[in-house]
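Remarks on the structure that follows.
The values are calculated or read from the model by the stated rules, or taken from the named source; none is laboratory data. Please read these numbers as outputs of a predicted model, since none were measured by experiment. All Cβ positions, even for glycine, are placed from backbone atoms using ideal geometry, and neighbour counts span all protein chains on display.
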């Protein structure tokens, strides 16, 4: 059996359906790399794709997606509520099954070299691939964004880790890295007051004294007349999903604000689902092995082999 | 690919570890029939095993289990809080993947014929296999139990559908049937008053005007100093798990009683899990396809084939 990886490329396009369809087609063009999930948000003006498969197939598929994004997305005219530095904004490689983080780090580096060689898009390495400690956190680039980096990428503090010092004129730069699985979780609130989303984000994120492994920011969902607290939960085994949601409800209540709906971007392991299921249902012993679906797939393989 | 089935045999033994180990060994003895879950309860004095695999393998494995149960379990000395009619008490066959209920019905009939031929244990057909409408519901036999049927199985109302008219002297009779997937869900309450569990069961079960597709009974958990409401949720897509639990909480509150813990016996489809996850998390769009684990199994097959 080959090792398996997940890659969750984020592109700076969430509105133009033709571009989204072209991206999906490009990302689906390599056998042994399955496009398992897709979401786009018009307010964020951003799309997130999940690919799973063998390392080389996934890397090749994301390069095809990058080719499409570099050709069709111009950061100079891109506006959206979510921070970004490039057309191919973030490319994280995540280990699956028996694959190691080290293997993903090597893969991320190979991907970055090809991105530079083929498209001349400079790369910042982040998370487990970071070459400078302060660059581990994506927020380092996100807080300044494309427009700032375009002017300052020549400076020591903002020089790319790989590729040209100048940002690509239309595609900007790309953050590439290996990382552990995380849960991307958004909570929409029934208010248009962005400061409420920001205060809740501050109360909950680890950086400001909140919950361990929780990153958060407030995002304005202008077309929907709501604001959003957008989370990355990077240690879902330590800070489970239900605790994040219940703490949002707790903090939102002080403003008389309610949660309207939530969303999970991308895919997650069944353990994350089961942890939350167990909490709300007061289950003591329910385990992931009690889910039929995985057994069914295994049995298909077993009986197929005969 | 062969069709796949699940079988969830219930045996009237939940205390003697050696017997439980022998049952597990017998049920695991056939390749292509995986023993995917097991639970035993001392108060119920009952164990539930989940097998999944190809129809013939699963049928053969359950017959091996029945051989073991007929040899080692004597209903005349069996005491437990859960109603029962035999050592091999209930044997439901459940379709998985593309298998039909009709295929399970044929399989249940074959199993019953072998059970009669090999062990001389009479069979009552229930659910989709029922030969008389009033016998669809297991409660029909359960309400009277082994001790009653032993005396009355010669009468028209209680005559077995297959095999000898007399119950097996130690192994009693067996209920065999095809059925759709159900969720076996138990809720333990912090009271020793069985009438409270019974009143909640009555309030919630469909038979008495409660929630659709919900069967329920009160069970005394003497060794734990609690009572239990034991549910079969036979239409979990219509009456989701969270609604059952929240209604237990609602009814229990009028007695000042709280839910201590819950349990799910056997396995369930990821859709049941996701429905509850979506409710409590206020998710609008989360789908079973966003669970990594099934994709991983599929990819293992894909890359294995190369």
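Brief remarks on what is shown
- Qualifying residue in the stretch B:140-155 (condition: in a loop (DSSP other than H, G, I, E, B), assigned by TED's automatic domain parsing to the domain that holds residue B:79, under 17 Å from residue B:91 (Cβ atoms) and touching a residue at least 60 places away in the same chain (Cβ under 8 Å)): no
- Failed criterion for residue B:134 (all others in (1) closer than 24 Å to residue B:94 by Cβ; (2) in contact (Cβ under 8 Å) with a residue 24 or more places away in the chain hold): (2)
- Of the residues examined, residue A:238 is not one that is buried (at least 17 other Cβ atoms within 10 Å of the Cβ) and either more than 7 Å from chain B (Cβ to nearest Cβ) or over 22 Å from residue A:81 (Cβ atoms) (or both).
- Restricting A:243, A:249 to residues that are more than 7 Å from every other protein chain (Cβ to nearest Cβ), in contact (Cβ under 8 Å) with a residue 24 or more places away in the chain and in a helix (DSSP H, G or I) narrows the list to A:243.
- Some residue of the stretch B:200-220 being under 28 Å from residue B:91 (Cβ atoms) and within 14 Å of another protein chain (Cβ to nearest Cβ): no
- Yes/no for residue B:99 being closer than 18 Å to residue A:303 by Cβ, in contact with a strand residue (DSSP E or B) (Cβ under 6 Å, 6 or more places away or on another chain) and surrounded by fewer than 20 Cβ atoms within 10 Å (Cβ to Cβ): yes
- Residues considered: B:195, B:100, B:170. Of these, the only one that is at pLDDT 95 or above and assigned by TED's automatic domain parsing to the domain that holds residue B:246 is B:195.
- Residue check, residue A:97 in contact (Cβ under 8 Å) with a residue 24 or more places away in the chain and over 21 Å from residue A:113 (Cβ atoms): yes
- Condition broken by residue B:222, with the remaining ones in (1) surrounded by fewer than 18 Cβ atoms within 10 Å (Cβ to Cβ); (2) modelled with pLDDT of 95 or more; (3) out of contact with any strand residue (DSSP E or B) (no Cβ under 8 Å at 6 or more places or on another chain) satisfied: (2)
- Those residues of the stretch B:121-134 which are touching a strand residue (DSSP E or B) at 6+ places or on another chain (Cβ under 6 Å) and either under 19 Å from residue B:75 (Cβ atoms) or assigned to a helix (DSSP H, G or I) (or both), in sequence order: B:121, B:123, B:124, B:126, B:127, B:128, B:129
- Within the stretch A:270-285, the set of residues being part of a helix (DSSP H, G or I) and either closer than 13 Å to residue A:242 by Cβ or more than 7 Å from every other protein chain (Cβ to nearest Cβ) (or both) comprises A:271, A:272, A:273, A:274, A:275, A:276, A:277, A:278, A:279, A:280, A:281.
- Sole residue being buried (at least 20 other Cβ atoms within 10 Å of the Cβ) and without any contact (Cβ under 8 Å) to a residue 60 or more places away in the chain, chosen from B:197, B:178: B:197
- Residue satisfying all of: in the stretch A:202-219; in contact with a strand residue (DSSP E or B) (Cβ under 8 Å, 6 or more places away or on another chain), surrounded by fewer than 20 Cβ atoms within 10 Å (Cβ to Cβ) and in a helix (DSSP H, G or I); modelled with the lowest pLDDT among these: A:207
- Checked against (1) in a strand (DSSP E or B); (2) surrounded by fewer than 21 Cβ atoms within 10 Å (Cβ to Cβ); (3) touching a helix residue (DSSP H, G or I) at 6+ places or on another chain (Cβ under 8 Å), residue A:264 passes all but a single condition, namely (2).
- Pairs where the first residue, in the stretch B:111-122, is assigned by TED's automatic domain parsing to the domain that holds residue B:169 and buried (at least 24 other Cβ atoms within 10 Å of the Cβ) and the second is at pLDDT below 95 and in a helix (DSSP H, G or I), C-beta under 7 Å, 6+ apart: none
- Some residue of the stretch A:143-159 being in contact with a helix residue (DSSP H, G or I) (Cβ under 6 Å, 6 or more places away or on another chain) and surrounded by fewer than 17 Cβ atoms within 10 Å (Cβ to Cβ): yes
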